[in-house]
Amino acid sequence: MTTPQADAPATGRRHTHARVLAKCEVAPRHFALTLSNSGIARTVRAGQFVHVLPHSRENEEDTGWSFDPLLRRAFSILDAREDEFEILFRVEGRGTRSLARAEVGEWLDLLGPLGNGFSLSQASRSAILVGGGVGVPPMVFTARALSERGVESQMLLGARSAADVLCEDKFTSLQIATDDGSRGHHGRVGDLLESALQEQLPDMVFACGPYPMLRAVAHICAAKNVMCEVSLEENMPCGIGVCNGCVVPMRPSEDILEGDDYGRFRRICVHGPACDARDIDWT
Amino acid sequence: MTTPQADAPATGRRHTHARVLAKCEVAPRHFALTLSNSGIARTVRAGQFVHVLPHSRENEEDTGWSFDPLLRRAFSILDAREDEFEILFRVEGRGTRSLARAEVGEWLDLLGPLGNGFSLSQASRSAILVGGGVGVPPMVFTARALSERGVESQMLLGARSAADVLCEDKFTSLQIATDDGSRGHHGRVGDLLESALQEQLPDMVFACGPYPMLRAVAHICAAKNVMCEVSLEENMPCGIGVCNGCVVPMRPSEDILEGDDYGRFRRICVHGPACDARDIDWT
Amino acid sequence: MNPHTPDLRVRLGALELQNPVLTASGTFGYGEEVADLVDLSKLGAIVCKTVTRLPRAGNAPPRTCETPAGMMNAIGLQNVGLAAFKRDKLPFLRDSGTKLIVNIAGDSSEDFAALCADLNDEEGIDALELNISCPNVAHGLDFATDPIQTEAVVKACRAATPRPLFVKLSPNVTDIAVIARAAQEGGADALSVCNTFVGFAIDTRTRRPRLSNGTGGLSGPAIRPLALRAVWRCAQNVQIPIIGIGGIATANDALEFLIAGASAVQVGTATFVRPNAALEVIEGIGEYLSQHEIASVRELTGSLQA
Amino acid sequence: MNPHTPDLRVRLGALELQNPVLTASGTFGYGEEVADLVDLSKLGAIVCKTVTRLPRAGNAPPRTCETPAGMMNAIGLQNVGLAAFKRDKLPFLRDSGTKLIVNIAGDSSEDFAALCADLNDEEGIDALELNISCPNVAHGLDFATDPIQTEAVVKACRAATPRPLFVKLSPNVTDIAVIARAAQEGGADALSVCNTFVGFAIDTRTRRPRLSNGTGGLSGPAIRPLALRAVWRCAQNVQIPIIGIGGIATANDALEFLIAGASAVQVGTATFVRPNAALEVIEGIGEYLSQHEIASVRELTGSLQA
Ligand SMILES: Cc1cc2nc3c(=O)[nH]c(=O)nc-3n(C[C@H](O)[C@H](O)[C@H](O)COP(=O)(O)OP(=O)(O)OC[C@H]3O[C@@H](n4cnc5c(N)ncnc54)[C@H](O)[C@@H]3O)c2cc1C
Ligand SMILES: Cc1cc2nc3c(=O)[nH]c(=O)nc-3n(C[C@H](O)[C@H](O)[C@H](O)COP(=O)(O)OP(=O)(O)OC[C@H]3O[C@@H](n4cnc5c(N)ncnc54)[C@H](O)[C@@H]3O)c2cc1C
Ligand SMILES: Cc1cc2nc3c(=O)[nH]c(=O)nc-3n(C[C@H](O)[C@H](O)[C@H](O)COP(=O)(O)O)c2cc1C
Ligand SMILES: Cc1cc2nc3c(=O)[nH]c(=O)nc-3n(C[C@H](O)[C@H](O)[C@H](O)COP(=O)(O)O)c2cc1C
Ligand code: FES
Ligand code: FES
């Protein structure tokens, strides 16, 4: 539960550079970048993220020449092996438009690995993974990490349409739901979760995706009394815990209600992005 | 002389795009770009310039994603032929750093051709060209245009050192001066001009380069009563005559001293960058 | 009404415009300089460079420098003066195909009022914008930082002309609402919010100011959030229409100002980046209205959700 | 003295710092959050997040958004409160290897003074910075927009503590010199110039403010020219040292502030972009001094050429 955690820095994170080894437009306006950085690749855990300056550089020394877009952007780790890791993003606004111009051979300036990652050890036998939109990539890493621990996992994937289905070849057990019915179940990924929970209750549900999806998943799990961790998003100016910008509201609880609502907001760049769904104030 | 010119727009200039056909690092931190745009290439005159947004784009529709650096940068035309023209710039600050990342196949957003160009018709038989630093490129165009008119020209080129000598292969008659004596005359390009004028007086002197060089050239020509046009630089927010930002001070004269110093400042994006050296207030 | 062609007309006091996008004073010359690049007849209106009684040479160069996502200027109101304006500039502007708002600046209430009166006989002027907020001339900010002087100058002009009067405010004040109310009290038909923010820049190599004038006025995208705040604050404190100005470069930026309470906007620095910035903004506003099935741009004004 | 190792030491009232580069309040937490990424002992000083008497939850999210070359925040002074600060945060900060400036905010002069007094017994605090200029809490700007209140709150604190008192001013005023003089009159040892600029941003899709608080404080490179102007204006109107703040991201930016009259600077938003921004600034200032053969950074302060 929500014991206020001490603010000692996470271990292993660093300010570093990574070379773009490969770039692939995996779906319209969706890019996967393979990045070379052994420090991150060897220590990162499923559910963690990197914080990336949105301007690629020609070499490691290059410190950039633009203050616009100014701030770093957070991207989950799709997967990591030996000295490389991957991220996958959708071109959304100015940050990702700029990042999409990174070319193979160029460098990205990044901080990582950041955040807490999913509590994989809470799943001893089985887990259900739920991912929507660009919340799918971290589930690839999660599925592999679980399988290496001998934990069976089932992936439930939500997308707007067949064209937006990401990473489907990366999952061994996969069900798909699309908003427009052009692929798999016509409807929400939450529907798939309800059916799955009807069959069997897993040790854990791990979820990442748009807020309404996460809220639905949290409610479904709460109703079945299944443990659920959700990976949350909020604007993250620093990513390293110093600005108090990236907070999400926590459920009122005795721990946090010292003083005048003190502790009601939690910084998810350090005490997240993965959070116990029961701790979140979903209202 | 300085008759206040009417503010009707220059003919032929347009807001357009050009594709990068070639990119070459001609000297350390100096890049030449060959750009594809027949509208400009076919109408531009020696001494005119283009005003370029400092972010290259992936395609013609791309409207950019950064407001920093914000403003266009002016570059003289090095030369033009059929559907192509060239610019040459030194990486100086943030604008040119950004521009130096333009790759072959990408697009530049530009306005041009802008400015008045040199008064080539004033030189009926012979001209001396003086260029320093990144003031050399427009002299390449000027030399060729003069030669096509049957006018003989002699180029005097100033540089900091041998490594900074630009475009030397583009001139048939060339003398070089370097500040450190590593190439040609050890000293100023003004020294070369004084000697040249001792031998023979040309119809015109055309000059482009750093302000102190232009001032020296202007004084030398005034003393010998030789007509001289200098191409001036000033920060140019708009390049199209609407902001009044790019002014240089003109010599007090009856024309301009209506009212309270009215007309003392001239916008060199339209009534320049080439100016009669006698009109300028060099103090 | 056809939902696919949204109604872009707006009203600023007695003045009706075909669309809500104007060019900002000092960033569009007298219109003629860019008639080859911009279809003037499509603009909501042209606001021309500030005119003063006598011609002004302006400040010595350098007059501008770039800053992160912005620029500073200290032009110092260089202009041809009233007589030459009437003789040389007005005829073209009158025939531009769109409305004309003449921006004027004086040294005193009397001077402002006399300028208004002097223009009364000229045809083809649709409104006057009082520049009481230029940061780049001596005493330029005296009016716009003092509600008493603001009210006095507007009153004097109100008495001198029947034309719609727009008052251009400065953001360099503790509470712009106080000045906005004073301008309304004086009889303004609309408020232009806002002029540039006073800034400074130093060349560390020479340790001199980058601008010959020392300080300059900051404009461009950098100031957009600050100008938007000023507009919002004014909108909540006056009943007259507001023209939003400051850092508008895209239709989305303009929409922010309209939603915050502006009835129209002006595009300034963005024109230096893209000469047709104002026309692109007009087009984008139209697209937004169509997409959101909003019949008239007037519905957007002040439509901020709590 | 060896010309190749310039003297970076500066003095702010009675406080001597090893170099002139501090971290800005609210952008460096309590130091401990980034001790793995930044060598704290190399900083001129740490200014920690504003501490209030009682813990504060702060504003609801979203609390921040990006703007052109800047960002807005409306954190709302989320902090652990005085008791937890003393118990949980001070021990680490005391041992960080550099000086500590504790930034405090109160509701009234009495509250400010009581906070100062409450900290008198704590060791390892080298100065206090009075945040009388937070734009993101109710009445946060009441003090810093009124010279009488400014003088009163500084006087009250002056009486309550022997520690050096730095007063953090707001740029959201007509003339910051008036407030600066009031703070000096009240007994400030130095002025921190300045806090954020009040701005606004709207999501045009939802037509709601981007920040849950509505307005926010603009920071980052976008505001640099405006903050520099504020520092310059203060420097010409007070005799006490000034700490320049606002948009400093590089050594060159910091040099502008020093040349304009600041004795030290704070790095804020730039730390979000590069955690070691402050250390990079220190290094760059040293290089500039060496290159220009200036023996001490103190010679730069106010060295602007006319
Ligand atoms: C932990 C985490 C993991 C993520 N993983 C992924 C992923 O794997 N793939 C993916 O596509 N996306 C991911 N995102 C979202 C991603 O970081 C971008 O926010 C998103 O792609 C928006 O795109 P943009 O930056 O181009 O949009 P923009 O339009 O440039 O920015 C979106 C809005 O967010 C604000 N904003 C942007 N960055 C910041 C910042 N650093 N601080 C404050 N405000 C800011 C701006 O105000 C803007 O309005 C993740 C986010 C988080 C927090
Ligand atoms: C007519 C003309 C022709 C030129 N031809 C050439 C050429 O052929 N080759 C060449 O290398 N250079 C040329 N220049 C200079 C070039 O335009 C750049 O100003 C120069 O290269 C500076 O480099 P930067 O933009 O990277 O520097 P930055 O450091 O980015 O800018 C230099 C300074 O100028 C200011 N500034 C930059 N752009 C503007 C603007 N548009 N409006 C106002 N202020 C501004 C900024 O405040 C900054 O401090 C020419 C300039 C002019 C006016
Ligand atoms: C170069 C320049 C010159 C300006 N001249 C004037 C002027 O003469 N009169 C005036 O009222 N405003 C003047 N302004 C202010 C603009 O009209 C506008 O209020 C300001 O630039 C903010 O808008 P922007 O960010 O869109 O440029 C000038 C602005 C610039 C950049
Ligand atoms: C996220 C954030 C939180 C801030 N919190 C505080 C605060 O608690 N107390 C304070 O005095 N200033 C606070 N500030 C203001 C900064 O200390 C600084 O004055 C301002 O950001 C301008 O500097 P910059 O442009 O370098 O960031 C905060 C700024 C930011 C961006
Ligand atoms: S992003 Fe700054 S504290 Fe989390
Ligand atoms: S650059 Fe704007 S008038 Fe010349």
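Taking θ as phi - 60° and the Karplus parameters 6.51, -1.76 and 1.60, the scalar couplings of region D:75-84 work out to 5, x, 6, 3, 6, 6, x, 4, 5, 5 Hz in sequence order, x denoting glycine and proline. Please compute, over every Cα-Cα pair in region D:1-103, the percentage with a separation greater than 15 angstrom. Beyond 15 Å sits 68 percent of the P(r) for region D:1-103.
FRET efficiency for the pair residue A:90 and residue B:26, taken as 1/(1 + (r/R0)^6) with r the Cβ-Cβ distance and R0 = 56 Å, rounds to 0.90. Across chain A, C-alpha contacts under 8 Å between residues 6 or more apart give a mean separation that, scaled by the residue count, equals a relative contact order of 18 percent.
Electrostatic bookkeeping for residue A:81 treats Lys and Arg as +1 and Asp and Glu as -1; over the other residues with beta carbon under 10 Å from its beta carbon, the sum is -3.
Find the centroid of the Cα atoms in region B:156-181 and in region B:10-49, then give the distance between the two in whole Å. Here the two parts' Cα centres lie 23 Å apart. Computed from backbone phi, the HN-Hα couplings of region B:81-97 come to 8, 6, 9, 10, 9, 10, 10, 9, 9, 9, 6, 10, x, 5, x, 6, 4 Hz, rounded to whole numbers (Karplus: 6.51 cos²θ - 1.76 cosθ + 1.60, θ = phi - 60°; Gly and Pro given as x). Shown for residue A:27: label points 7 Å from Cα along the beta-carbon vector, and their distances to the equivalent points in the other copies, 5.2 nm in ascending order. Here, region A:120-233 yields an orientationally averaged convex hull projection of 6.2 nm² when only Cα atoms define the hull.
Of the Cα atoms belonging to region C:167-306, the radius of gyration and Dmax stand at 16.5, 56 Å. For region B:76-142, the calculated P(r), taken from all Cα-Cα distances in 10 Å bins from zero up to the bin holding the longest distance, is 15, 44, 31, 9, 1 percent.
Between rounded, prolate and oblate, where does region B:1-129 land on the alpha carbon gyration tensor, with a ≥ b ≥ c its root eigenvalues, rounded for a/c under 1.5, else prolate if a/b exceeds b/c?
Working: a/c = 1.78, a/b = 1.49, b/c = 1.19.
Note, shape of region B:1-129 comes out prolate.
Placing a label point 7 Å from the Cα of residue D:97 along the Cα-to-Cβ direction, the distances to the matching points in the other copies come to 6.8 nm, shortest first. The label-point distance for residue A:201 and residue B:83, in a model that sets each label 7 Å from Cα toward Cβ, rounds to 7.1 nm. Summed over all non-identical Cα pairs, the Kirkwood treatment of the protein assembly as shown gives a radius of 31.9 Å.
Between residue B:224 and residue C:291, the modelled labels are 6.3 nm apart [label points 7 Å from Cα along Cα→Cβ]. Take D:60-69, D:251-260, C:289-298 and order them by the average number of nearby Cβ atoms within 10 Å per residue, most first; the result is D:251-260, D:60-69, C:289-298.
Working from label points 7 Å from Cα in the Cα-to-Cβ sense, the residue C:54 to residue B:182 distance is 5.4 nm. Cβ-Cβ distance of residue A:281 and residue A:173, R₀ of 30 Å, FRET efficiency by 1/(1 + (r/R0)^6): the value works out to about 0.40. Each Lys and Arg adds +1 at its Cβ and each Asp and Glu adds -1 at its Cβ; summed about the Cα centre, region D:44-198 shows a dipole of about 320 debye.
Sequentially through region D:226-234, phi angles give Karplus couplings (6.51, -1.76, 1.60; θ = phi - 60°) of 6, 5, 4, 4, 4, 5, 4, 5, 5 Hz, Gly and Pro residues having no value and appearing as x. Whole-percent P(r), chain C, all Cα pairs, 10 Å bins from 0: 7, 30, 38, 21, 5, 0, 0. Run through the DSSP bridge list for region B:34-174 and note the antiparallel percent, rounded to the nearest 5. The antiparallel fraction comes to roughly 65 percent. Here residue A:251 and residue C:206 are evaluated by their C-beta separation; at R0 = 45 Å the FRET efficiency comes out at 0.15.
The residues packed around residue C:72, meaning those with a beta-carbon under 12 Å from its beta-carbon, carry a net charge of +3 if Lys and Arg are +1 and Asp and Glu are -1.
Here the sum of -39500 (n - 2.57) over DSSP H runs of 4 or more residues, divided by the residues of chain A, equals -5000 deg cm²/dmol at 222 nm, to the nearest 500. Shown for residue D:305: label points 7 Å from Cα along the beta-carbon vector, and their distances to the equivalent points in the other copies, 5.7 nm in ascending order.
Please give the Cα centre distance for region C:113-159 versus region C:3-42, rounded to the nearest Å. Each part reduced to its Cα centre gives a spacing of 22 Å. Using only side-chain charges placed at the Cβ, +1 for Lys and Arg and -1 for Asp and Glu, the dipole size of chain C relative to its Cα centre rounds to 760 debye.
Given axes a ≥ b ≥ c from the Cα gyration tensor, I'd like to know whether chain B is rounded (a/c under 1.5), prolate (a/b larger than b/c) or oblate. It is oblate, given that a/c is not under 1.5 and a/b is not larger than b/c.
For region B:75-122 and region A:70-107, what is the separation of their C-alpha centers, rounded to whole Å? What the calculation gives is 32 Å, centre to centre.
Give C:49/C:89; D:49/D:89; A:170/A:224; D:49/D:168 a once-over and call out the pairs whose C-alpha atoms are over 19 Å from each other.
Exceeds cut-off: A:170/A:224.
Taking Lys and Arg as +1 and Asp and Glu as -1, the other residues whose beta-carbon sits under 10 Å from that of residue D:267 total -1. Taking all Cα pairs closer than 8 Å and separated by 6 or more residues, the relative contact order of region D:10-299 comes to 19 percent. Chain B's nearest residue to the axis relating it to A, judged by Cβ and reported with the distance in whole Å, is B:68, 2.
As an equivalent ellipsoid, region C:52-127 spans semi-axes of 26, 17, 12 angstrom, where each value is the square root of five times an eigenvalue of the C-alpha gyration tensor, largest first.
Rule-based calculations on the coordinates, nothing more; no lab input. Remember, it's a predicted structure, so these values are computed and weren't measured experimentally. Because the Cβ atoms are built from the backbone with ideal geometry, glycine has one as well, and the counts that use them run over all protein chains shown.
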